[in-house]
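Below is one structure, written out as structure tokens; comments come after it.
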Amino acid sequence: MRGEITKQTSMLSLRTPADRVPSDHPLRRVKDLADGALAALSSTFDAMYSKVGRPSIPPERLLKGMLLMALYSVRSERLLCEQLDYNLLFRWFLDMEMEEPSPDHSTFSANRDRLLEHEVAGRFFAAVVEQARKSKLMSDEHFSVDGTLIDAWASLKSFRPKSEGKQKPPDDPGNPTVNFHGEKRSNETHESKTDPEALLARKGNAREARLSYSANALMENRNGLLVDLVVEPADGFAERRSALIMLARLKERRPGRVTLGADKGYDVASFVAGCRELGVTPHVAQTSDSRRRSAVDGRTAHHPGYAISQRARKRIEEVFGWMKTIGGFRRTRHRGRARTQLSAHIVGAAYNLLRMARLRPA
């Protein structure tokens, strides 16, 4: 018998968004972990807002909304708020009722400065890392480090001479005609007029130069979880500089001896010496170029743990791959290093939460 579509809708429903989410949905475990990390930040949230006045959107909802954007590759905050009108899964994750109106997309922009002032994203990322450490999912001895370039939210047409004065209005304000023929451009003489902190950089020889930031990650080798994330200007020295910063933070929590796997870009005498000063054994890939000598001696390279670190360090590329494809961090959505760092912490926390949900027993 052919079924028919009922034209009359029900007047009353006793179902909640949680009833529509399957009990075995993977986002349920991610939500439990995220709520646990956010509960640890309650005192920080109290300090962010005044005790009087009109209630604002809960900061927990803002952060979990950013997590959804990373987990489900949502392109923009405007699109996220649009989906909250009809996506019950998203509403349940943000603890929203059926009749509750979705927030305006400008809410994220209006509260971003407050999140930056109190370093909420960094604290949230640290709370997620602490959860993984307490669950015995992280190694305390073996780590890897690497860096990648993140495209800035700025066009090469905005890369103009620093001494350039006010120009006449362009023929097309949205996409002006620019001729760089015969002009030598460098970070010493030019800067982006839309994002001055972005620098012209390229990942290797025969690659095009782009306005970029350097995103650098410290990963533990047991399960490939992120321990720290630092966004630096892409000046060519950011990877080694940020690696020492992250190692110094690590040694404050872990005073014992640790190993660090890295590629041959870190095979520099100053970096290897900096690692040894911090009590870190540098399992850095040796330079095969005959023009300069490797800073890693044979005693370190012939140790069995050195080969293990060289195999394990490659997993950090999987982290960058997820952050750029699924997490939408191939190109930052914001201008400025501080806002890019905020996005890195949110995407990094999303990656850790997803890994932890799969690794922890049911």
Can you name every residue in the range 288-335 that is polar (S, T, N, Q), outside any loop (DSSP other than H, G, I, E, B) and modelled with pLDDT of 90 or more? S309, Q310, T325
Scan the range 85-113 residue by residue and report those that are closer than 13 Å to M69 by Cβ and touching a Lys or Arg at 6+ places or on another chain (Cβ under 6 Å). F93, L94, H105
Would you check which residues across the range 84-101 are part of a helix (DSSP H, G or I) and of a type in the set (A, V, I, L, M, F, W, C) and list them? L88, L89, F90, W92, F93
When the range 77-101 is checked residue by residue, the ones that are aliphatic (A, V, I, L, M), more than 26 Å from A47 (Cβ to Cβ) and surrounded by 14 or more Cβ atoms within 10 Å (Cβ to Cβ) are L80, L84, L88, L89
All but one of (1) free of Cβ contacts under 8 Å to residues at least 12 places away in the same chain; (2) not in a loop (DSSP other than H, G, I, E, B) hold for G36, so report the exception by its number. (1)
Between a first residue in the range 251-278 that is in contact (Cβ under 8 Å) with a residue 60 or more places away in the chain and a second residue that is part of a loop (DSSP other than H, G, I, E, B) and surrounded by fewer than 22 Cβ atoms within 10 Å (Cβ to Cβ), which pairs have beta carbons less than 6 Å apart while being 6 or more apart in sequence or on different chains? R254/D140; R257/G279; V258/E141; D263/A285
Using the structure shown, decide if V74 is outside any helix (DSSP H, G or I), within 21 Å of the chain's Cα centre (by Cα) and surrounded by 15 or more Cβ atoms within 10 Å (Cβ to Cβ). yes
Single residue of the range 102-156 satisfying the filter (among the β-branched types (V, I, T) and closer than 29 Å to P196 by Cα) that is surrounded by the most Cβ atoms within 10 Å (Cβ to Cβ): V145
Are there any pairs with C-beta distances below 8 angstrom linking a residue in the range 280-304 that is under 20 Å from K314 (Cα atoms) to a residue that is of a type in the set (K, R) and at pLDDT 90 or above, with the two at least 6 apart or on different chains, and if so which? V280/K251; P282/R276; H283/R313; V284/K264; A285/K264; Q286/K264; T287/K264; S288/K264
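The values are calculated or read from the model by the stated rules, or taken from the named source; none is laboratory data. These numbers were taken from a predicted model, which means no experiment stands behind them. Positions of Cβ are backbone-derived with ideal geometry, glycine not excepted, and every protein chain shown enters the neighbour counts.
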